[in-house]
Structure formats: C-alpha cells, structure tokens
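A.B. asks: Below: one structure in structure tokens.
The values are calculated or read from the model by the stated rules, or taken from the named source; none is laboratory data. Source: prediction; values computed, not measured. No Cβ is skipped: glycine too gets one built from the backbone with ideal geometry, and neighbour counts run over all protein chains shown. Heavy atoms of the whole protein, side chains included, go into the accessibility calculation; ligands, DNA and RNA do not. Shrake-Rupley method; radii C 1.70, N 1.55, O 1.52, S 1.80 Å.
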Amino acid sequence: MQKLAEICIQRPVFAAMIILALVVVGADSYFKLGVDRFPSIDVPTIYIRTSLPGASPEEMEASVAQPIEEVVNRVEGIEQLRSVSRQGAAFIILTFDLNRDIDAAAQDVRDRVQSVLRELPPGTDPPTVNKSDSDSQPVMTISLSGNRSQRELAEIADKRVKVELERSAGVGEVFINGGPNRAINVWADADRLAAYRIPITQVQQALVRQNAELPGGNVDQGRRELTLRTMGRVMKPEDFSELVVSQINGAPIRVKDIGYVTDGTKEQRSLARLNGVPSVSLGIIRQSGSNTVAVIEEVKKKLDRLEQQLPADIHLEVIQDQSRYIYNALHEINVHLVLGSILACLVVLLFMRSWRSTVIAGVAIPTSVVATFGLMRALDFTLNSVTMLALVLMVGIVIDDAIVVLENIFRHREELDPDPVSAAVNGSNEVVFAVMAATLSLVCIFAPVAFISGIIGQFFRSFALVVTFGVLVSLFVSLTLTPMLCARYLKVEKQHGPIYRFFDRVFEGLDALYVHLLEAALTHRLWVLLATLAVVGSSAFFFANVGKAFAPEQDEGRFLVSLRTPLGSSIDYTDSKLKEVEAILDRHPEVRSEFALIGLGTAGQVNQGTVVVRMAPREERTVRQQDIIPLLRKEFAQIAGARVFAAPYPMVQGQRRSEERR
C-alpha cells in the first residue's frame with residue numbers, strides 16, 4: 001500500500017484513470033438501478049390452496065387437506081406445516097428453514113402435490129402453489145366506480161381497463177377484485193324434473209356435452225387438406241333454452257321445458273365500494289426487477305388516456321400508490337445526503353482553513369458514493385430507503401481517510417519538507433497503516449451484518465454491503481487520488497489573514513481546554529472510572545425499557561380497518577356492519593376517502609371485510625395518523641356483532657394469495 005501511493009504520486013494520469021473508471025461504471029449503473037421503497041425480501045413460506053365447492057370443513061380436512069399434508073410433509077427443510085379447512089376450501093401453509101432455497105422448495109412442493117391429484121375427491125379444483133414474495137405485491141391499486149351495477153363495472157374493468165394497463169411497460173399482472181363473474185344460470189323447476197323423471201345431474205351433463213367444440217379431423221382434397229371442427233359452442237344465452245336434456249317417447253325435452261335461463265352472474269362472494277359508490281379494484285403488479293416508480297408513472301399516463309375514452313359516469317381513482325411514499329422517503333434522504341456532504345466539507349474548511357484542502361478531501365465523498373452504484377447494480381440492489389440510508393451514513397465515514405492523509409501531508413509541507421512530491425510520499429507513508437487499520441475496523445463492524453440470518457438479515461444485507469464497499473473505495477481513494485492531488489495542487493501559505501488568525505486563536509483555546517480536562521481526568525481517575533461504569537451499567541436498564549419495533553411508525557396518511565363477523569354470516573350482514581364502520585369514518589374530517597372490500601381475504605370469506613382509509617395531506621390536518629387510530633379503535637368497539645380493528649398500513653407486506661385474483 002505504501003508503494004501504491006508513491007506510484008500514484010509519480011504517475012498522476014494512472015491514478016486519475018483508475019478513479020475515473022470507478023466513477024464511470026458507477027454513474028452508468030446509477031441510471032439502470034431500480035427504485036423501490038424497501039429491499040426485496042423472500043419469506044420462506046409456501047401456500048397451497050384448493051377448493052371443493054359445497055364441501056364441509058370436516059370433509060375438506062379429511063378428504064383434501066390430509067392427503068396433501070402427507071405428501072408435502074416429506075419435502076426437505078420444513079420447519080412448520082399447518083392447514084386451515086373451511087367451507088369449500090382448504091389451505092396448507094409450509095414454513096421452511098431460512099437456508100432453504102425457496103424456489104427449489106416451491107418446485108419440490110409442486111411435484112409432491114401433482115402426485116396426489118388422483119386421490120382427491122371428484123370435482124376438486126387443482127391445487128395452486130404460491131411462494132411468499134414481496135415482489136408479488138401490488139405497487140398500485142386503482143378503483144373503477146360509477147352509478148352502474150357491479151357486473152357492468154367488472155365488464156368495463158376486465159375488457160377495457162385491464163387490457164390497456166397490461167400493455168404498460170414493466171407491468172407484470174393486473175388483477176381485479178370486487179367484481180362478480182358473468183355466468184349463464186339455468187334455473188330448473190324441481191316439480192317438472194320429478195314429473196319427467198330427469199335427475200339434475202342429467203341436465204348438467206347435457207349442458208356440458210352440447211356446449212363444446214371438438215376437433216373433427218382432417219379431409220384431403222387432392223393437393224389440399226382441410227381441418228374440420230364441430231361448431232358446438234352456444235353463442236347466445238337464449239340458445240341454452242333449446243338444448244335437449246332428454247327424450248321421452250321420441251319427443252325431445254328441452255331446457256325451457258324444465259326451467260328457464262338467465263344471463264347473470266355467479267353467486268356474489270365479494271363486493272367493493274368507494275365512498276359508498278359501487279366499484280371494483282384493479283391491482284397492478286410490476287415485473288420482477290423493474291423500476292417501481294417508472295411502472296407507476298407509465299400506468300398513470302395510461303389512466304389519463306383511459307379517462308377520456310370511458311363513459312362520463314365511470315371514474316378511475318388511485319387508491320394506493322407506492323411511488324408517492326418512495327418519492328417522499330428518497331427526497332428526504334437525498335436532501336440529507338447533499339447537506340451532509342456540504343457540512344462535511346465545511347468542517348474540513350473550518351479546521352484546515354484552505355479551500356484547496358477542502359476540495360482534495362471532499363473529492364472522496366462523490367467518488368465513493370458514485371462508485372458504490374456499480375456494486376449495487378452488480379448485486380441487483382435497488383435505490384431504496386435502506387441503501388440510501390447506507391449512502392448517507394457513508395458521507396461521514398468516507399471522508400475520514402482522506403482527511404487523515406491530507407492533514408499529515410499538510411503537516412509535512414508546513415513543518416518538515418517544503419517539496420510537494422517528497423512531502424506527499426513521506427506523509428502518506430507515515431499514516432498508511434493507521435488509515436488501513438481504521439478502515440478495516442469499520443469493515444469488521446459492518447460486513448458481518450450481511451451474514452445475519454432471518455428476515456432482518458435479508459433487510460439489512462444491502463445496507464451492510466453498500467457501506468462496506470463505500471468504505472473500501474474511500475480507502476483506495478485516500479491512498480491513490482488524495483496523495484496525487486496533494487503533490488500537485490496543495491499549497492501551504494506562510495502569510496495568513498485575520499480570519500485565519502481568529503480561528504487559530506479559537507483552536508488554541510480549545511486545545512488548552514482539552515489539556516485542562518485531561519489533567520483533571522488523570523488526577524481523579526477513580527471518579528472517571530466510576531462514572532464510566534455507571535453509564536455502561538445504565539445502558540442495560542434503558543435498553544430493557546426502551547420501545548422496540550421492526551420500523552418506526554410513520555404518518556403516511558393511510559391505514560387499514562379490518563372487520564370480521566361471526567363465521568357463517570351472510571354477505572348482507574357483513575355489509576351492514578361495514579356500513580357502520582364507514583359511517584364512523586365519515587364523522588372524522590381528516591378522512592379523505594374510504595375503499596371498502598368484502599370477501600377478499602382468505603378463501604374469499606364473506607364474513608371478512610377491509611376498509612382502506614386515506615387521510616388528507618399532513619399540511620391540511622392537525623390530527624396525526626398515530627392519534628386517530630387509537631380513537632377509532634374505541635369507536636369501533638361500540639359496533640355490536642363484529643370485531644373491528646384499525647391498524648397502520650404494513651410497511652413490508654406478505655403474500656398476496658391467489659384467491660384474491662380474478
């Protein structure tokens with residue numbers, strides 16, 4: 001390392017090109033980095049969902065859940081396996097060891113599930129296997145509302161809005177919630193079926209058999225070959241009435257003879273409202289690795305065009321938008337990053353009292369920060385709150401090495417050797433091991449954080465690696481670029497102005513004060529030792545009593561209200577309780593909008609509801625989010641026949657299960 005500094009002093013172009021290469025790679029990587037709120041986290045959990053319409057919870061457990069549990073229990077690395085069986089649906093939740101590759105585990109589970117399909121009861125839907133993935137969370141939620149039926153809203157959302165949004169760059173999936181699915185319903189009269197002696201299963205089989213298109217083979221015509229297919233698909237709802245169910249004495253019995261057909265929807269198991277108006281929601285999921293902010297901006301452009309194309313009574317409104325919180329968080333961090341860099345340089349200017357020294361030392365800050373972007377790109381990190389926090393922390397660290405080298409070279413120039421080159425060589429050689437020791441001690445502090453296991457380890461891995469790499473770059477800069485710049489551009493003035501002499505007297509006074517305090521400490525060593533032990537001992541008390549949380553609670557201006565009615569409650573009953581929740585929210589002027597949902601939880605249970613509440617901007621209200629949530633909990637406790645709970649929006653969301661999609 002001592003030789004490296006000497007080489008760079010003698011070959012300044014070589015030193016400049018090395019640092020410039022790091023800066024160019026980092027600058028190019030910066031424009032390719034994704035932007036997100038938090039790092040991507042893989043939770044080692046896999047969900048299996050299957051359904052059997054009409055089956056009781058006991059039947060689901062015995063006939064569906066247990067056979068699946070028996071085969072997946074042999075998958076390697078399972079720490080916990082549990083199942084939940086409900087009316088017509090079963091869920092198996094597998095939690096794996098943190099060291100298990102979750103993608104490989106998911107494939108093993110799928111293979112095991114495939115082997116048990118034949119043992120499941122007839123009519124069971126094929127099980128779906130999904131891994132918990134933070135990237136599968138919707139980055140944006142849009143409400144489509146209007147004074148129309150939910151079926152019409154769902155049709156518009158599915159046929160027009162969804163198609164356009166899926167074409168946006170970076171959008172991986174668009175799913176719809178709250179809209180009923182269209183269905184052709186055949187209503188059979190039980191008395192007529194009994195009179196004709198036709199079982200209902202025969203009606204079902206006739207509908208399936210006569211509403212199908214099948215390949216008809218090929219026909220050769222000399223040089224040509226024609227492909228035949230049967231045109232058996234019913235194209236109009238009224239044509240279902242003409243399908244033949246059976247024949248009695250040669251006379252056909254049609255669907256219209258035993259009942260009637262309606263063009264309707266499936267049984268309503270979910271609903272959505274925006275401020276009391278019927279609506280459906282569209283969730284936008286970005287492609288893995290894409291820029292969250294860029295995806296949301298592209299979707300917003302599509303929404304502006306769609307607003308002009310849709311009917312006048314149809315409104316599109318953004319309910320949840322992660323880019324807003326990303327912008328706010330990154331803007332604050334960027335401000336602190338710039339201010340921290342400026343203040344660090346001002347401190348150097350204050351003590352060195354030379355603008356040349358300030359520039360030479362300050363070069364280490366942008367060089368180390370920009371070079372770190374190259375590592376972030378190589379390791380597929382994103383610009384998020386954690387990595388930006390690491391960059392802010394680096395500002396106060398990366399300049400330290402350059403200051404030590406610069407100050408020692410300055411001392412050599414001022415007191416020992418006026419020759420710039422020899423002073424730079426000797427001054428840097430004297431402190432090279434001290435600088436390396438200081439830097440490597442920081443590496444030993446931050447690098448092990450990258451090896452912490454669990455969710456916390458995944459969360460802070462990028463933080464640890466970014467700080468570690470930035471500190472190592474600062475060491476490299478202080479031993480290459482800093483000595484070279486000192487040898488060529490550092491000047492030591494013999495004559496100083498009044499400002500310099502004023503600060504010189506101030507520092508002499510501080511030096512005298514420090515000497516006085518040091519003498520007092522050495523004179524009263526026992527008291528100093530006791531005070532130190534008291535401070536260290538009190539730390540244990542304060543640590544035990546201080547509040548602890550995964551992340552500090554923030555006023556984001558949004559929160560969730562969860563509602564649950566007794567098991568077996570109808571959707572109408574749950575809706576009546578949800579309206580009581582909305583009425584309470586309407587009494588608070590701080591609430592800007594309410595997006596109410598029913599049946600979008602696990603298995604689409606109609607006894608569960610959620611309200612996404614948005615508050616007015618912070619500058620337009622006096623009540624904080626942290627204050628209104630406890631107040632609402634007390635008011636919700638007065639609602640009889642339901643459990644209602646208000647909570648902040650989760651910062652890091654878990655799995656968005658497949659049953660919430662359509």
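A.B. asks: Determine which single condition GLU267 fails, assuming it passes every other condition in (1) in a loop (DSSP other than H, G, I, E, B); (2) open to solvent by less than 50 Å² (accessible area, probe 1.4 Å).
C.D. replies: GLU267 satisfies every listed condition except (2).
A.B. asks: Another question about this same structure. Give segment 305-342 a look and list any residue that's crowded, with 17+ Cβ neighbours inside 10 Å and either under 19 Å from THR382 (Cβ atoms) or free of Cβ contacts under 8 Å to residues at least 60 places away in the same chain (or both), or say none.
C.D. replies: Within segment 305-342, ASP321, GLN322, SER323, TYR325, ILE326, ALA329, LEU330, ILE333, LEU337, GLY340, SER341 meet the criteria.
A.B. asks: Among the residues of segment 428-448, is any open to solvent by less than 60 Å² (accessible area, probe 1.4 Å), outside any helix (DSSP H, G or I) and on the phi < 0 side of the Ramachandran plot?
C.D. replies: Checking segment 428-448: not a single residue is open to solvent by less than 60 Å² (accessible area, probe 1.4 Å), outside any helix (DSSP H, G or I) and on the phi < 0 side of the Ramachandran plot.
Yes/no matrix, rows are residues, columns are (1) among the aromatic types (Phe, Trp, Tyr); (2) more than 30 Å from ALA596 (Cα to Cα):
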site	(1), (2)
LEU513	no, yes
GLU519	no, yes
VAL528	no, yes
ALA531	no, yes
ALA540	no, yes
PHE543	yes, yes
GLY547	no, yes
GLU553	no, no
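A.B. asks: Considering every residue within segment 76-89, establish whether at least one is in contact with a strand residue (DSSP E or B) (Cβ under 6 Å, 6 or more places away or on another chain), assigned to a strand (DSSP E or B) and crowded, with 20+ Cβ neighbours inside 10 Å.
C.D. replies: Looking for residues that are in contact with a strand residue (DSSP E or B) (Cβ under 6 Å, 6 or more places away or on another chain), assigned to a strand (DSSP E or B) and crowded, with 20+ Cβ neighbours inside 10 Å, one finds at least one in segment 76-89, hence yes.
A.B. asks: Taking the condition of being open to solvent by 30 Å² or more (accessible area, probe 1.4 Å) and either of a type in the set (A, V, I, L, M) or under 20 Å from the mean Cα position of the chain (by Cα) (or both), how many residues in segment 142-165 meet it?
C.D. replies: Residues flagged as open to solvent by 30 Å² or more (accessible area, probe 1.4 Å) and either of a type in the set (A, V, I, L, M) or under 20 Å from the mean Cα position of the chain (by Cα) (or both) within segment 142-165 amount to 1.
A.B. asks: A follow-up question, please. Can you confirm whether segment 131-142 contains a residue that is touching an Asp or Glu at 6+ places or on another chain (Cβ under 6 Å) and in a helix (DSSP H, G or I)?
C.D. replies: No, that holds for no residue.
A.B. asks: For VAL477, state whether it is closer than 24 Å to VAL370 by Cβ and surrounded by 15 or more Cβ atoms within 10 Å (Cβ to Cβ).
C.D. replies: yes
A.B. asks: Separate question: Criterion first (open to solvent by less than 60 Å² (accessible area, probe 1.4 Å) and in a helix (DSSP H, G or I)) does VAL421 satisfy it?
C.D. replies: no
A.B. asks: Tell me whether segment 216-224 contains one or more residues that are open to solvent by less than 60 Å² (accessible area, probe 1.4 Å) and in a helix (DSSP H, G or I).
C.D. replies: no
A.B. asks: Another question, if that's okay. Which condition number in (1) within 54 Å of the chain's Cα centre (by Cα); (2) surrounded by 13 or more Cβ atoms within 10 Å (Cβ to Cβ) is the one that ASP257 fails?
C.D. replies: (1)
A.B. asks: Going through PHE507, PHE542 one at a time, which residue ends up being among the hydrophobic types (A, V, I, L, M, F, W, C) and within 30 Å of ALA329 (Cα to Cα)?
C.D. replies: PHE542
A.B. asks: Examine segment 93-108 for a residue that is open to solvent by 20 Å² or more (accessible area, probe 1.4 Å), assigned to a loop (DSSP other than H, G, I, E, B) and closer than 30 Å to VAL295 by Cα, and state whether such a residue exists.
C.D. replies: For segment 93-108, residues open to solvent by 20 Å² or more (accessible area, probe 1.4 Å), assigned to a loop (DSSP other than H, G, I, E, B) and closer than 30 Å to VAL295 by Cα: present.
A.B. asks: Working carefully through the options ALA212, ALA195, find the one that is exposed (fewer than 15 other Cβ atoms within 10 Å of the Cβ) and modelled with pLDDT of 80 or more.
C.D. replies: None of the other options fit; the residue is ALA195.
A.B. asks: I need every pair where a residue in segment 63-77 that is touching a residue at least 60 places away in the same chain (Cβ under 8 Å) has its Cβ under 7 Å from the Cβ of a residue that is crowded, with 17+ Cβ neighbours inside 10 Å, sequence separation at least 6 or different chains.
C.D. replies: Cβ pairs passing all conditions: VAL64/THR50; VAL64/LEU52; VAL64/ALA90; VAL64/LEU120; VAL64/THR124.
A.B. asks: Filter segment 20-74 down to residues that are open to solvent by 60 Å² or more (accessible area, probe 1.4 Å) and part of a loop (DSSP other than H, G, I, E, B) and give me whichever is modelled with the highest pLDDT.
C.D. replies: Among those residues, the one meeting the criterion is ASN73.
A.B. asks: Suppose we filter ALA549, ALA540 for residues that are among the hydrophobic types (A, V, I, L, M, F, W, C), without any contact (Cβ under 8 Å) to a residue 24 or more places away in the chain and part of a loop (DSSP other than H, G, I, E, B); which single one remains?
C.D. replies: Residue meeting the stated conditions: ALA549.
Each row is one residue, and each column tells you yes or no for (1) free of Cβ contacts under 8 Å to residues at least 60 places away in the same chain; (2) out of contact with any Pro (no Cβ under 8 Å at 6 or more places or on another chain); (3) among the hydrophobic types (A, V, I, L, M, F, W, C); (4) surrounded by 14 or more Cβ atoms within 10 Å (Cβ to Cβ).
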position: LYS577; (1), (2), (3), (4): no, yes, no, yes
position: GLU582; (1), (2), (3), (4): no, yes, no, yes
position: ARG592; (1), (2), (3), (4): yes, yes, no, yes
position: GLY599; (1), (2), (3), (4): no, yes, no, yes
position: THR610; (1), (2), (3), (4): yes, yes, no, yes
position: PRO630; (1), (2), (3), (4): yes, yes, no, no
position: ALA637; (1), (2), (3), (4): yes, yes, yes, no
